[in-house]
Amino acid sequence: MSKATELETDLLVVGGGLGGVAAALTAARLGRRVVLTEPTDWLGGQLTAQAVPSDEHPWIETEYVSPGYRELRDRIRDYYRRNYPMRPEAAADPTLNPGLGNVSKLCHEPRVGVAVIDELLAGYRSAGRITVLTEHEPVAAQTDGDRITAVTLRDLRTGDLRTVRAPLVADATELGDLLELAGAEHVIGAESQEQTGEPYAAPEPDWTDQQAITWCFPVEYRPGEDHVVDRPASYEHWKTHVDPFWPGPQLSWMKIDIHTNAGKENRIFEGDMDAVRLPDLWHFRRIRARSQFRPDLVDTDISLVNWPNTDYWEAPLVGPGVDEAARELALRRCKELSLSYLHWMQTEAPRPDGGHGYPGLRLRPDLTGTADGLAKTAYIRESRRIRARFTVLEQHVAVVDRPEGAGAVQFADAVGVGHYNIDLHPSTAGVNYVNLECYPFQIPLGALIPVRVRNLLPACKNIGTTHITNGCYRLHPVEWSIGEAVGALAAFCLAQGTEPHAVADSDRLTSDYQQLLTQTLGIPVAWPEQIRRTRPSQAAKGATPLLALPQQRVKPAGLPAGK
């Protein structure tokens, strides 16, 4: 029999990803007590437990990023300088990038992100401002009318139950779990063109239309050595099965060119491994470049495999037809796909010299904190989303839907800024990539306010976006900014004796809250004119390149819903 205990706090944050951490940290900095929960034993979500190097925008190294996210990045660099055998010239570089990966100006090992987040929270945990409950998952929510009164959590180690009561609750879970537990109105999958008016929306609503998930893993390459993993039971399936929208089996070098939706061949290695920004898979998400470290101690690169062919799109994780058994099966199949792809690369992948396989590819379980070497959990791109007072649409942010040079729609109630392309991976309904260039955008307060539940705030990928616009609001710095806005809003409401809906309803309270963000916390809520009207493809030389061309929504004819 499990024991039940109770806690009371000012703000309960369920989910310890980047949004949850940012919400907890911001509320604590503003004097509030926070309980922060996390189902794994690592805080950080997509940056750490999911092992995804930061996907960031061209202006991430400028002042147009929140001080909190800037501190996270600065501390990651400082952690390397203090603890790793860096070459002197690399350590002295103020823009140190340990991995020199193409995807970001700061590619690093997942466990470094964990260590830095622990540093950020340490003082507040010691002072009792933040209580962290790792390996706890939400199992129930108590409600009274339009309010959540308590959330019950299960300790995954012991089975014990713990109930937390708080006047404000943030759902920062990866799948929007509290939305379902509390009966909050929410959306799953794709809305229709009739519902949103979005040119690239689905013809009909489809809850099965959810972005693929990926089970990521880091590998190093040691030529001449044999580190081949066991052949997974489902290996033959991934080697021979071809989905209608993909140019071949997933165990191949073939991928989709997102500009044309035509097949395109990739390679893991092209040219000098020590080169910077080669257009191969190895350099794409490289998290350790040996050229940045002392050669007497570090003699290999490490790359993070989050590549197109490891996307799992067979079945969704949430929805009316998905029970716990179906979800666990999908997660197991996702993991087997990743292990199958590694086994294929080690044993059968064609090499430029005519040979096959790279048996020297070696998993690094020490970097993920797992026995199998894969990330602690799958990379989740899409969540349940609140039905919000305001929903961000494709027409608000996509270049193709805006007048030339107009920039994204400006929101008077903006509480943060962000940028990424609308980047939709193949979906569990058989829909191919959608990739639309976006202008730098804002996070509107209205997208954080549920239509009914008065003390619940979304703090992850579950804000008021659509299936389409989630594709640009789901990345690391945007999730952090969403969390900061939520933490600050909770603290503001508690200080003012009010609630989120009242803030959104009052121009005066909205303005006062925005002043807290901008003047007290230094968080930007608007882009300067010279940036907000800039297409990222036209940004300054040296900016992180972002793929840009609008594509038609492609779903093979005759493919049944949910495949």
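Numbers for the structure displayed
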read-out	value
Some residue of region 35-53 being at pLDDT 95 or above, over 30 Å from L156 (Cβ atoms), of a type outside the set (A, V, I, L, M) and surrounded by fewer than 20 Cβ atoms within 10 Å (Cβ to Cβ)	no
Residues (part of a helix (DSSP H, G or I) and open to solvent by 10 Å² or more (accessible area, probe 1.4 Å)) located in region 509-530	L509, T510, S511, D512, Q514, Q515, L516, T518, Q519, T520, E529, Q530
Region 335-358, residues that are surrounded by fewer than 16 Cβ atoms within 10 Å (Cβ to Cβ), in contact (Cβ under 8 Å) with a residue 12 or more places away in the chain and assigned to a loop (DSSP other than H, G, I, E, B)	E348, P352
Test: residue in region 421-429 that is open to solvent by 10 Å² or more (accessible area, probe 1.4 Å) and of a type in the set (V, I, T)	no
Complete set of residues in region 219-250 that are open to solvent by 70 Å² or more (accessible area, probe 1.4 Å) and either touching a strand residue (DSSP E or B) at 6+ places or on another chain (Cβ under 6 Å) or of a type in the set (V, I, T) (or both)	T240, V242
All strands (runs of 3 or more DSSP E) inside region 122-222 with 1 or more residues being β-branched (V, I, T) and in contact with a helix residue (DSSP H, G or I) (Cβ under 6 Å, 6 or more places away or on another chain)	130-134
Test: residue in region 30-48 that is in a loop (DSSP other than H, G, I, E, B), hydrophobic (A, V, I, L, M, F, W, C) and more than 21 Å from A488 (Cβ to Cβ)	yes
Residue satisfying all of: in region 269-322; crowded, with 19+ Cβ neighbours inside 10 Å and hydroxyl-bearing (S, T, Y); farthest from the chain's Cα centre (by Cα) among these	S303
Residue within region 1-17 that is charged (D, E, K, R), at pLDDT below 95, in contact with an Asp or Glu (Cβ under 8 Å, 6 or more places away or on another chain) and in a loop (DSSP other than H, G, I, E, B) present	yes
Scan of region 406-420 for residues that are buried (at least 19 other Cβ atoms within 10 Å of the Cβ) and touching a residue at least 60 places away in the same chain (Cβ under 8 Å), ordered by number	G407, A408, D413, A414, V415, G416, V417, G418, H419, Y420
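Condition check ((1) at pLDDT 95 or above; (2) within 22 Å of L12 (Cβ to Cβ); (3) acidic (D, E); (4) open to solvent by 60 Å² or more (accessible area, probe 1.4 Å)) across all residues:
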residue: P88; (1), (2), (3), (4): yes, no, no, yes
residue: R129; (1), (2), (3), (4): yes, yes, no, yes
residue: V132; (1), (2), (3), (4): yes, yes, no, no
residue: E135; (1), (2), (3), (4): yes, yes, yes, no
residue: D155; (1), (2), (3), (4): yes, yes, yes, no
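Let's see how each residue does on (1) modelled with pLDDT under 95; (2) surrounded by 12 or more Cβ atoms within 10 Å (Cβ to Cβ); (3) within 30 Å of W207 (Cα to Cα):
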| site | (1), (2), (3) |
| --- | --- |
| D507 | no, no, no |
| P536 | yes, yes, no |
| G542 | yes, no, no |
| P550 | yes, yes, yes |
| K555 | yes, yes, yes |
| L559 | yes, yes, yes |
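Yes/no per residue for (1) open to solvent by 10 Å² or more (accessible area, probe 1.4 Å); (2) of a type in the set (K, R); (3) over 25 Å from V415 (Cβ atoms); (4) touching a residue at least 12 places away in the same chain (Cβ under 8 Å):
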residue	(1), (2), (3), (4)
W59	yes, no, no, yes
A92	yes, no, yes, no
N102	yes, no, yes, yes
V112	no, no, yes, yes
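Yes/no per residue for (1) in contact with a Phe, Trp or Tyr (Cβ under 9 Å, 6 or more places away or on another chain); (2) among the β-branched types (V, I, T):
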{"position": "L36", "(1), (2)": "no, no"}
{"position": "P58", "(1), (2)": "no, no"}
{"position": "T62", "(1), (2)": "no, yes"}
{"position": "Y69", "(1), (2)": "yes, no"}
{"position": "A90", "(1), (2)": "yes, no"}
{"position": "L106", "(1), (2)": "no, no"}
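The values are calculated or read from the model by the stated rules, or taken from the named source; none is laboratory data. All values derive from a computational prediction rather than experimental measurement. Positions of Cβ are backbone-derived with ideal geometry, glycine not excepted, and every protein chain shown enters the neighbour counts. In case anyone asks, the SASA skips ligands and DNA or RNA and just uses the protein heavy atoms, side chains included. Shrake-Rupley method; radii C 1.70, N 1.55, O 1.52, S 1.80 Å.
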